[in-house]
Amino acid sequence: MQKLNGLLTNDIIEESAWEALEKSILYYKGRPVGTVAAFDASVEALNYDQCFVRDFVSSALIFLIKGKTDIVRNFLEETLKLQPKDRQLDAYKPGRGLIPASFKVVSDNGEEYLEADFGEHAIARVTPVDSCLWWILLLRAYVVATKDFSLAYQPEFQTGIRLIMEICLANRFDMYPTLLVPDGACMIDRRLGIYGHPLELQVLFYAALRAAREMLICQGNQDVVEAIDNRLPLLCAHIRQHYWIDINRLNAIYRFKSEEYGKAAVNLFNIYVDSIPYYELDKWLPKKGGYLAGNVGPSQLDTRFFALGNLMAIISDLATEEQSQAIMTLIEDRWEDLVGDMPMKICYPALEDEEYRIVTGCDPKNIPWSYHNAGSWPVLMWMLAAASVKAGKPYIAGKAIEIAQARLLEDEWPEYYDGKKGRLIGKQARKYQTWTIAGFLLAAELMENPSHLSLISFDKLPSELVSRACEFEIGSVDTSISL
């Protein structure tokens, strides 16, 4: 009887979630084109009445799984039309190839049009980097779900993919295979000290390269394909080697010498030993656990755990099998820190005290253990579910989903939670946040039918590409394309 009541409760929760998701659908000229960020009538809409590219991904994936493919196709087509195709001389205008952060439907004299936001109206006016990468991943997911390769092969879509790749693979002031980006250019869209080469964007970059490589036809795109083939193995090897932290790696870093020169240098990034919280990490790291660092760059090793980057590294096969198992072991062994009473911490630990004041600029929304500064985000549940399935540990996600089931409906699907264990509804969290709803539904679907993982997962890199990574040192090969 108890099991029957549990099933009934789950059915009620999912039915309520679907009703809320359908209310969030955004229509343009009578066609569904996306979902609004939140459908919370109790507060001013601000920009939560827009469709954000990164937010829509979880909704799109659940729509694809349920066979509601039209909304995803419409979204891909309409956002592609918003992509600037001409070279821009005005530095205050969005550059060629960018996909907007969000868009909204505007009516003027009875006519509807879409108004894109490339960051011009965002806090701090930061242009998103992840929108382009998520767009490519979503296009691939649509192709995998529908087997409609013709959409990706259309000239306008081939051009769209190429323009995004040109941004990512262009000549730059950098000698790493990673992407150099400003603070706030991804899901963490406020200042949090992630400028440089943050893990989240490197993993999305890797996955987008994989997806673009699958969808680009060589005719007219051979230079892009070659650039991708050059960049992929170098990026993969770089992340696996230089971002990885476990007890063995920590011991090696602990004994680093600084100010080394030349090819014999071991401490390639000149990491200063005293900048790493060794004794805290020594206590926190399980013997068989590990994770990918938040950021690596000149004299920088950000040892915070960032959930999205680590989970997507497992899903996209960027992490090795051993690293994937170690990441899941860390999550399991440090459950109270990383999951707690609401899945899942966006990062851990929080910036506190003087570090919080200096790094965030005393951001009142990113106070310690809130919002992006180690708040808990239910949308991450679908990535946790996908990573758990991929790593062969679905029981980890099952436990997280049970925790969420007990609260999300009652709490009216909030955007995020606060506190060290995620017990408090976020101080400024919107209710009926669409990606919270979709993330819950998607996590449940991935657990019920693991074959859906193919929408966002990849096989291992071909061995001939992997072997190339051993042939070059950082900066010794041109991985750019001519513009």
Exercise for review: Filter segment 258-276 down to the residues that are within 30 Å of the chain's Cα centre (by Cα) and open to solvent by 50 Å² or more (accessible area, probe 1.4 Å), then identify the one that is nearest to F305 (Cα to Cα).
Suggested key: S275
**Study point:** Failed criterion for G67 (all others in (1) under 27 Å from A443 (Cα atoms); (2) assigned to a helix (DSSP H, G or I) hold)
**Key:** (2)
**Study point:** Verdict on K287 being loosely packed, with under 11 Cβ neighbours inside 10 Å and touching a helix residue (DSSP H, G or I) at 6+ places or on another chain (Cβ under 8 Å)
**Key:** yes
Review point. Of these, R140, R162, R190, which one is under 30 Å from V296 (Cβ atoms), open to solvent by 10 Å² or more (accessible area, probe 1.4 Å) and in contact with a Ser or Thr (Cβ under 9 Å, 6 or more places away or on another chain)?
Key: R190
Point to revise | Conditions (1) within 30 Å of A211 (Cβ to Cβ); (2) in a loop (DSSP other than H, G, I, E, B): number failed by M312 | key: (2)
Exercise for review: Any chance you could count how many residues in segment 294-317 are open to solvent by less than 10 Å² (accessible area, probe 1.4 Å), farther than 22 Å from K393 by Cα and out of contact with any His (no Cβ under 8 Å at 6 or more places or on another chain)?
Suggested key: 1
Review point. Of the residues I12, I25, I62, which is among the hydrophobic types (A, V, I, L, M, F, W, C) and without any contact (Cβ under 8 Å) to a residue 60 or more places away in the chain?
Key: I25
Practice item. Would you point out which residue out of R210, R231, R255, R240 is open to solvent by 10 Å² or more (accessible area, probe 1.4 Å) and within 21 Å of N295 (Cβ to Cβ)? Key: R240
Practice item. Among residues belonging to segment 1-43 that are modelled with pLDDT of 80 or more and of a type in the set (K, R), point out the one that is nearest to L114 (Cα to Cα). Key: K29
Check your understanding: Can you pull out the residues in segment 86-130 that are open to solvent by 80 Å² or more (accessible area, probe 1.4 Å), over 17 Å from V36 (Cα atoms), of a type outside the set (A, V, I, L, M) and not in a strand (DSSP E or B)?
Key -> D86, R87, Q88, Y92, K93, N109, R125
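The values are calculated or read from the model by the stated rules, or taken from the named source; none is laboratory data. Quick caveat, the model's predicted, so the values are computed rather than measured. Counting neighbours? That spans all protein chains shown, and the Cβs are built from the backbone with ideal geometry, glycine included. Only protein heavy atoms, including side chains, enter the accessible area calculation; ligands, DNA and RNA are left aside. Shrake-Rupley method; radii C 1.70, N 1.55, O 1.52, S 1.80 Å.
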